[in-house]
Amino acid sequence: MNMITRIDPVEPNAAEPGPVDGKRRPLWQKGAFVALPVLLVAGGVGFFNRQAPAIAAPPPPTVTVAQPLVREVNEWDDYVGRFEASRSVEVRPRVSGQVVGIHFTDGAIVQKGQLLFTLDARPFAAALAEARAGLATAQSDLALAQSDLGRAERLVAAEAVSKSDVERLQARVRAAHASVAAAQARVRARSLDVEFTQVRAPIAGRISDRKVDAGNLVAAGEGAGGSLLTTINALDPIYFTFDGSEALFLKAKRAAAAGGKESPVEIRLQDETDYRWKGHLDFTDNGLDPRSGTIRGRAVLTNPGMFLTPGMFGNMRLSAGGTATALMVPDAAISTDQARKLVMVVGPDGTLQPRPVEVGPVVNGLRVIRSGLNRNDRVVIAGAQLIQQPGIKPQIKQGKVEPLKAAETPVISAPVTGEATFAR
């Protein structure tokens, strides 16, 4: 069965039925529905296109400033050197013979005159006896010559003896005196040979090990021609030798010319942290090495316990002019601009300005300032890294420069020439 649907034509100006009541809406309501979304969109665009409020500028950075610390310091120049014996002797025999006794312990401390070796003295004792016999013969000849001369002189007055006979007798007496003197010299020489069979320590110090054992034959000789028995090093006092640059040599010479006192030195060993060994500079060489431009120096130290040994390395610091007043700032307050060292100071107008300075050594975390600052300058000791460029007026916080304790002192990686300590 077919259904036929009829569609009635709508008049063009007819009002559309309402959603609820079925009545047609007027045209102004239809325009309101179209205009309202457009107004909402336009209002939102205008709201977001309004200029955002300005963001407040950050406050200026805060830095800590303080005046440099003024302290009395002792400045030192650093050297590395070796200890050397103040005297060293090679013990060699003065007569040849067989070693029959050794009277020391290897490496022991010996005193001057202590018996070290004994050689077989029998050949020398026999030679001494022979020399004494020769002396007795010479003395007998002298006595006979003097007796003959006395009788002749008594007969001269009676003209029983000629004058020439008397003169011959006088010459015989003089020859006899000479023979006696020669015989006495031979006795002394043979006595010395017997004495030299006992080899004694010529100096006090630490002895090395024996180079020969008992039963060996040793030979006397000049210098290295003789057999080496052992060596002795004098260790109290002991020397410390080092090489210094020409600049440091000139510095020391000018300080001495200005009336400086004797230059004290302090030395520490490789396993020590404190400079516990004290001495003074007693010698500089008479010329600089033209190849290296250095000069050899020597310090002398007391060594009563014989602890210091020749050949040991040590780090020495030499007083560089005595006590002086120094300005000091924390080492962290110093920056580097290529080859220059700078600190930030507060100017009269409150702005920060870089100041080139000449620096010295570090003492307990504080750097000595040789030039570029005065004691009234206000130096930035903290917060300088927050300043991007000079001329900024930061907020100022007052601080104080104080030395750090030894355990708190940072290790400085930059090379430092010399060092300093606070004057006591």
Full extension between R132 and V156 adds, at 0.36 nm per residue less the Cα distance, a length in nm of 5.0 nm
Describe numerically, in nm with one decimal, the distance between label points set 7 Å from Cα along Cα→Cβ at N315 and at E72.
2.7 nm
Summing +1 per Lys or Arg and -1 per Asp or Glu among the other residues with Cβ less than 9 Å from D106's Cβ gives 0
The stretch 133-279, accessible area per residue, ligands and nucleic acids excluded (1.4 Å, Å²)
59 Å²
Inter-site label distance for A255 and R94 at 7 Å from Cα along Cβ, in nm:
4.5 nm
Output ³J(HN,Hα) for the stretch 326-334: one whole-Hz value per residue in order, computed from phi by the Karplus curve 6.51 cos²θ - 1.76 cosθ + 1.60 with θ = phi - 60°, and x for Gly and Pro.
10, 8, 9, 10, x, 4, 5, 7, 9
Local electrostatic count at V359 - Lys and Arg +1, Asp and Glu -1, tallied over other residues with Cβ under 10 Å
+1
Using a Förster radius of 30 Å, what is the FRET efficiency between S245 and K393 based on their Cβ-Cβ separation? Nearest 0.05, please.
0.05
Counting only pairs 8 or more residues apart or on different chains, how many lysine pairs in the stretch 204-282 have their Cα atoms under 30 Å apart?
5
Write down the accessible area per residue of the stretch 325-383 in Å², having rolled a 1.4 Å probe over the full set of protein chains.
45 Å²
Given a Förster distance of 60 angstrom, what is the FRET efficiency for R87 paired with E402, based on the Cβ-Cβ distance and rounded to 0.05?
0.75
Those residues of the stretch 193-219 whose amide nitrogen sits under 19 Å from the label point placed on D120, 7 Å along Cα→Cβ:
193-199, 212-219
Relative contact order (percent, whole number), the stretch 226-310, Cα cutoff 8 Å, 6+ residue spacing:
41 percent
Quick check for me: using +1 on Lys/Arg Cβ and -1 on Asp/Glu Cβ, what's the dipole size of the stretch 226-284 about its Cα centre, in debye to the nearest 20?
300 debye
Hey, can you rank 82-90, 139-147 by average C-beta count inside 10 Å, highest first?
82-90, 139-147
Gain on full stretching of the segment that runs from K163 to Q270 - 0.36 nm per residue minus C-alpha separation
29.7 nm
For the stretch 90-197, report the % of Cα-Cα distances exceeding 25 Å.
49 percent
Over the stretch 120-175, with every protein chain in place, what whole percent of the accessible area is carbon and sulfur at 1.4 Å, could you tell me?
55 percent
Taking the stretch 253-333, which GluC sites (Glu not before Pro) meet the DSSP loop condition and have no more than 11 other C-beta atoms within 10 Å?
E262
Cβ-based net charge around A138, under 12 Å, with every Lys or Arg adding one and every Asp or Glu removing one
+1
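The values are calculated or read from the model by the stated rules, or taken from the named source; none is laboratory data. These numbers were taken from a predicted model, which means no experiment stands behind them. So basically every Cβ, Gly included, is an ideal-geometry build from the backbone, and we count neighbours across all protein chains shown. Please note that ligands, DNA and RNA were not included when accessible areas were found on the heavy atoms of the full protein model with its side chains. Shrake-Rupley method; radii C 1.70, N 1.55, O 1.52, S 1.80 Å.
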